[in-house]
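Notes follow the structure.
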4 protein chains.
Amino acid sequence: MVDLQAVLDSIYKELTPRIGEGKVADYIPELAKIDPHQFGMAVVTVDGKIYRAGDAGVPFSIQSISKVFMLTLALGKVGEGLWKRVGREPSGSAFNSIVQLEHEHGIPRNPFINAGAIAVTDVVMAGHAPREAIGELLRFVRYLADDESVTIDEKVARSETQTGYRNFALANFMRAYKNIDHPVEHVLGVYFHQCALSMSCEQLAKAGLFLAARGSNPMTGHSVVSPKRARRINALMLTCGHYDGSGDFAYHVGLPGKSGVGGGIFAVAPGVASIAAWSPGLNKVGNSQLAAVALEMLAARTGWSVFGD
Amino acid sequence: MVDLQAVLDSIYKELTPRIGEGKVADYIPELAKIDPHQFGMAVVTVDGKIYRAGDAGVPFSIQSISKVFMLTLALGKVGEGLWKRVGREPSGSAFNSIVQLEHEHGIPRNPFINAGAIAVTDVVMAGHAPREAIGELLRFVRYLADDESVTIDEKVARSETQTGYRNFALANFMRAYKNIDHPVEHVLGVYFHQCALSMSCEQLAKAGLFLAARGSNPMTGHSVVSPKRARRINALMLTCGHYDGSGDFAYHVGLPGKSGVGGGIFAVAPGVASIAAWSPGLNKVGNSQLAAVALEMLAARTGWSVFGD
Amino acid sequence: MVDLQAVLDSIYKELTPRIGEGKVADYIPELAKIDPHQFGMAVVTVDGKIYRAGDAGVPFSIQSISKVFMLTLALGKVGEGLWKRVGREPSGSAFNSIVQLEHEHGIPRNPFINAGAIAVTDVVMAGHAPREAIGELLRFVRYLADDESVTIDEKVARSETQTGYRNFALANFMRAYKNIDHPVEHVLGVYFHQCALSMSCEQLAKAGLFLAARGSNPMTGHSVVSPKRARRINALMLTCGHYDGSGDFAYHVGLPGKSGVGGGIFAVAPGVASIAAWSPGLNKVGNSQLAAVALEMLAARTGWSVFGD
Amino acid sequence: MVDLQAVLDSIYKELTPRIGEGKVADYIPELAKIDPHQFGMAVVTVDGKIYRAGDAGVPFSIQSISKVFMLTLALGKVGEGLWKRVGREPSGSAFNSIVQLEHEHGIPRNPFINAGAIAVTDVVMAGHAPREAIGELLRFVRYLADDESVTIDEKVARSETQTGYRNFALANFMRAYKNIDHPVEHVLGVYFHQCALSMSCEQLAKAGLFLAARGSNPMTGHSVVSPKRARRINALMLTCGHYDGSGDFAYHVGLPGKSGVGGGIFAVAPGVASIAAWSPGLNKVGNSQLAAVALEMLAARTGWSVFGD
């Protein structure tokens, strides 16, 4: 077994000169204010050990990584029936593209592009007022991370609401196809709040540990999903988790993962560990440049790629 | 460790009543003649044991599965420079779509859709007459399978040549973008011959064993590619190996794999085994219906999914 | 010179057995209630004579025909600068498609598809509250028709607001590209009211007479636009006025025209007459089936086609 | 009546300083050799008078303008049945786009984009060897122009054959949808020869005069098509004759017309005159820059726009 702390330390040391690379997301004003000179990483193994590097304890806006948690909630509510509302295939287009939605009559390609995540949010809202749905998600994530200090950044949520025209377009378009049941402003209210979840690498790695550990969190003993469902969520992350850079991430890193425009990437080494890396600067497909590099280094040095050692 | 032969026997038994399901590919006249009532499966483990079920010894037209072998040859010739000619992302469209090619100026999305495989073929042909390139591929596959009896079915190759208008369209289109160097008829001549490779499940599983075994064939001791390249080819198979059904295959089976319209599917359990399943009837996205079901059963019963057990 | 009243009478007589053909637009609930068994037609010549047939005096929802009047207003406000906000080419897609908008970065193809008309509305609103903009349009149309009884049907406007999800999608999408300046709800508020303009064939033919008469209304003496601008608006109607049926309308009728889903078609015989025909049943591209046939008959019997007699 | 010769002289004089503007088509090597410093114009009125300016007598490659003649032949052969093979709507995309063809299953949008013209050529070939079809077209054009000196430039035809990969893609793609009956090389052989027709402005204006004169050539007395068909061909030219610049040409010039990448534009003032203008430099949508300007000037100064004077 490799010395994980040594691996993390070496990655951090090698990447230190590059911290600040990439371009901070600027289409959400509140995110544009983030200092790009930050980098953190955390690994939690299935036997409950935690390894940290850099700013592993600094909360950041997890943005689209939250789609994994909302998907988990939705599958818990409606099971495989969810797939009538959203597909399971990579999209071959940008995270906020609307073209596919017209060609496929309002059914988004997968739950990890914006349109798909909005449809998933609509599913989770059934029977709930928006505020309740937000509360449910926040409780769920705190429960997963076993940490009551996880919060939602209201300023970020508001900032997204004020500038999220494309998301309003996507939601209205799906509503035209009757693939959104609730009022669009309600659904997007919940959606923008989920994107505004603020978590540190350490919290994130702990919250997602169940995906590495057959559906249960070995640190808390909580059973979250069945082993089969954990596998399936991992499969979705691998094929669709990085928008139109999913193929590239699989090629270079070889782990199921989900990125967010806040600069975070969450990844899973099934049966071994869950991982979170964060650095705000993004590459041109909208994934964190340094977090992706850090994960590639980690996979190479640990042999954790799902595609062979 | 599960009793693999028992697993294969049980799968075969359970599927027997369903043999004949799906629709044999009919756009290539020679393939349309195949008797759909056939099913075979073979597993070769990295320690060199072979397990068989049904028609595991019957040769069939491997069609697009050959793209994996041609890609391996091309990477051997030009290395990572190959990615200037073809992308590594899932396409989000049908195997023979030309739309993406126009939107992305003649660069196919990945080496496993037709356009991408034709570009890869063009790369392998550099410095070769068509006949030599075909010979090189055949020798390579025989070497991989350690079996000189692998052949190319000339009737199938001819049948594809006579009806492959869409492939002529794709190749000419790429040539217009200067992404094909050789005369289109030469490139397609080689391409149609590679598609016409005729192999049994057993031969196929043996030929692809190197992808499960860190790049080397443990049965022959031949080193084919580096461990890193083996991982990367596996990653490409997982994200792009089943056209617009890749996400679904990952979701249900959880193994890197490549399908062909001849009804075959080749899959890899990294570090464990290589697998081939075959039944001619296809589902609506063009993958073998029963071979996919068989692989889902196999993954479920062995815990081989790369996404967790 | 043909006897116009005789021509109209013969058309009406021949079409009477077919009145009721086609399918009333049902995506706007208020429009779905219309009795399909209605047909009217009015012709106003440049020397001020009026000819009528059938329900020429019955007001109907002019819907997209209003785009011609709003375009005229917008050109009056910003002149040729308008074309930075919207194109002048046929779209080759449906009236409410959003695909083109993504491919062309938020610039609609022409002012007669929904997206284009929404952008034009946004231009007209500059410096106005929504209610003022609606008032301005209503005054303008009354002035053109020289008829103070033209109204806006509030029930239809409300019905569109409640179900116009696709238009909300289009507007938000353009706003994301900064091609909409005002709040989306305001712009669509105005847009839905313009679509709800209620006019009879006679009122419509009179209102549009300036387009047949070098930009001035010969009945009132009002100068509306320059002769050059009148020609240009006619050109836009001919190439783009019937969505993806524009080529067909030019082929069969040969007059610049604009249709609406309320079943009306407005057309211009430059230098000769303006024409309005109406029957609620639509053909499959969304244009009035009988109004189109009536106009084809009229053009054939009068030799008014702009493409030769 | 304006003094046409004076109008032509003034246009020629005003444009003289600009001769050489635009960019000569370079994707066909033989065309790239043309001296851009040429400009010609010819007008033939329905009473048989001919007016000339500049290089009106210099033969040039008419390229896509030939599609008008081939369409006329095809309509003569199969009548309105032609529209089962090709549409009549503007395409909203480039002249050589293949995207639409996939979305609409092998039926080109109109006869004036490359795909449509290739399908039309295939229709004309029925029952003919390629050489005969070429001969038939050449005889037809000579008959229309009443001039036996019209030729086909074999060098240009050969040059197109050697570089026409996109056209090969289009034809093969349509063949895959069974919308091409003859061998692709035969159809394109004829197609490339028709594009290589070499005519002067004067010859071209004479050849197309029938479209301005109710289907008959008043200079020769030959009846070519019915008045109705002449109108319809004019309608097609207006809506589709300049690819994705058709709307713009209608807006600025207001005459049915057809352009070619050789720098020629043929236009019709129905009931009045036929016009040809030529200058090799193209604008960015592929139409002759100066020929378009010359036609705009001509329409403005004569009041010939079909959209009003």
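The values are calculated or read from the model by the stated rules, or taken from the named source; none is laboratory data. Because the structure is predicted, anything quoted here is derived from the model rather than measured. Note: ideal-geometry Cβ built from the backbone for every residue, glycine included; neighbour counts use all protein chains shown.
Against the conditions (1) buried (at least 20 other Cβ atoms within 10 Å of the Cβ); (2) under 24 Å from D:Val58 (Cα atoms); (3) among the hydrophobic types (A, V, I, L, M, F, W, C), D:Trp304 satisfies every one except (2). From the set of residues in the stretch C:179-229 that are assigned to a loop (DSSP other than H, G, I, E, B) and over 20 Å from C:Lys49 (Cβ atoms), which is nearest to the chain's Cα centre (by Cα)? Taking the candidates together, the pick is C:Ala196. Summed over the stretch C:124-139, residues that are touching a Phe, Trp or Tyr at 6+ places or on another chain (Cβ under 8 Å) and surrounded by fewer than 19 Cβ atoms within 10 Å (Cβ to Cβ) total 0. Out of all the residues in the stretch C:271-294, is one or more in a helix (DSSP H, G or I), modelled with pLDDT of 95 or more, farther than 19 Å from D:Trp304 by Cα and within 13 Å of chain D (Cβ to nearest Cβ)? Looking for residues that are in a helix (DSSP H, G or I), modelled with pLDDT of 95 or more, farther than 19 Å from D:Trp304 by Cα and within 13 Å of chain D (Cβ to nearest Cβ), one finds none in the stretch C:271-294, hence no. D:Glu148 meets all of the listed conditions (1) assigned to a loop (DSSP other than H, G, I, E, B); (2) under 18 Å from the mean Cα position of the chain (by Cα) but one, namely (2).
State the number of residues belonging to the stretch B:80-133 that are under 21 Å from B:Arg229 (Cα atoms), without any contact (Cβ under 8 Å) to a residue 24 or more places away in the chain and away from every other protein chain (no Cβ under 14 Å). The total comes to 2.
Which one of these is of a type outside the set (Lys, Arg), modelled with pLDDT of 95 or more and assigned by TED's automatic domain parsing to the domain that holds B:Phe266: B:Val78, B:Val44?
Sole residue among the options that is of a type outside the set (Lys, Arg), modelled with pLDDT of 95 or more and assigned by TED's automatic domain parsing to the domain that holds B:Phe266: B:Val44.
Scan the stretch D:151-178 residue by residue and report those that are acidic (Asp, Glu) and not in a helix (DSSP H, G or I). D:Asp153, the sole residue that qualifies. The number of residues in the stretch D:247-270 that are facing chain C (nearest Cβ under 9 Å) and either part of a strand (DSSP E or B) or not hydrophobic (A, V, I, L, M, F, W, C) (or both) comes to 8. For D:Ala196, the conditions (1) more than 14 Å from chain C (Cβ to nearest Cβ); (2) out of contact with any Asp or Glu (no Cβ under 6 Å at 6 or more places or on another chain); (3) closer than 25 Å to D:Gly20 by Cα all hold with the exception of (2).
For the stretch C:208-253, the tally of residues that are among the aliphatic types (A, V, I, L, M) and at pLDDT below 95 stands at 1. Considering every residue within the stretch C:225-246, establish whether at least one is surrounded by fewer than 24 Cβ atoms within 10 Å (Cβ to Cβ), of a type in the set (A, V, I, L, M, F, W, C) and more than 7 Å from every other protein chain (Cβ to nearest Cβ). Yes, the stretch C:225-246 contains at least one residue that is surrounded by fewer than 24 Cβ atoms within 10 Å (Cβ to Cβ), of a type in the set (A, V, I, L, M, F, W, C) and more than 7 Å from every other protein chain (Cβ to nearest Cβ). Put simply, of A:Ser259, A:Ser216, A:Ser246, A:Ser226 the only residue that is assigned by TED's automatic domain parsing to the domain that holds A:Gly271 and either of a type in the set (Asp, Glu) or within 15 Å of B:Gly254 (Cβ to Cβ) (or both) is A:Ser226.
Across the stretch B:74-133, the qualifying residues are those that are β-branched (Val, Ile, Thr), out of contact with any Asp or Glu (no Cβ under 6 Å at 6 or more places or on another chain) and part of a helix (DSSP H, G or I), and the one among them that is farthest from D:Met174 (Cα to Cα) is B:Val78. Taken over the stretch C:208-236, the criterion of being touching a strand residue (DSSP E or B) at 6+ places or on another chain (Cβ under 7 Å) and either within 22 Å of C:Phe307 (Cβ to Cβ) or not polar (S, T, N, Q) (or both) is satisfied by C:Gly208, C:Leu209, C:Phe210, C:Leu211, C:Ala212, C:Gly215, C:His222, C:Val224, C:Asn234. In the stretch B:156-182, the residues that are farther than 20 Å from D:Tyr177 by Cα form Cβ pairs under 8 Å with partners that are of a type in the set (Ser, Thr, Tyr) and surrounded by fewer than 23 Cβ atoms within 10 Å (Cβ to Cβ), at six or more places apart or across chains, as follows: B:Val156/B:Ser198; B:Arg175/D:Tyr165; B:Ala176/D:Tyr165.
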